[in-house]
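Below is one structure, written out as structure tokens; comments come after it.
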Amino acid sequence: MKIGNRVFYDQDGEILFQTGEIEGSDVLPRKAITELNYIDLGYGAVNTQTHRIVSIDPKTKQPILEELNIELTPEQQRIQELEDQLLLMADAETGGIL
């Protein structure tokens, strides 16, 4: 199957996004777009280090987020373990009062 380029543009004709052409036996046909909306999220509204936007709730116009599974490297795991040990030691020294 061969599918042509889909071009998204604004009210002035400025191109915002192009999907590009795709070809292959495993290519699925494109879904027809019957309505196109947008939302503007403030800078930093979503921490992209810990979450990703999976969709937008069409009724509330709010992003639906998914938490990213962040796997620590062995070095990061060791640092986390040492930090935890330090916190436990400090807690033991102060009798649990910080």
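Readers should treat all values here as calculations from the given coordinates under stated rules, not as data from a laboratory. The structure displayed is predicted, hence computed values, not measured ones. Neighbour counts run over all protein chains shown; Cβ positions are idealised from the backbone, glycine included.
Some notes on this structure:
- For segment 64-82, the condition of being within 20 Å of the chain's Cα centre (by Cα), not in a loop (DSSP other than H, G, I, E, B) and not charged (D, E, K, R) holds for at least one residue.
- Scan segment 1-26 for residues that are touching a Lys or Arg at 6+ places or on another chain (Cβ under 9 Å), loosely packed, with under 11 Cβ neighbours inside 10 Å and polar (S, T, N, Q) and the total you get is 0.
Here's the yes/no breakdown for (1) within 26 Å of D57 (Cα to Cα); (2) in contact with a Ser or Thr (Cβ under 7 Å, 6 or more places away or on another chain); (3) outside any loop (DSSP other than H, G, I, E, B):
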position: F8; (1), (2), (3): yes, no, yes
position: Q11; (1), (2), (3): yes, no, no
position: L16; (1), (2), (3): yes, no, yes
position: G20; (1), (2), (3): no, no, no
position: V27; (1), (2), (3): no, no, no
position: A32; (1), (2), (3): yes, no, no
position: N37; (1), (2), (3): yes, no, no
position: L41; (1), (2), (3): yes, no, no
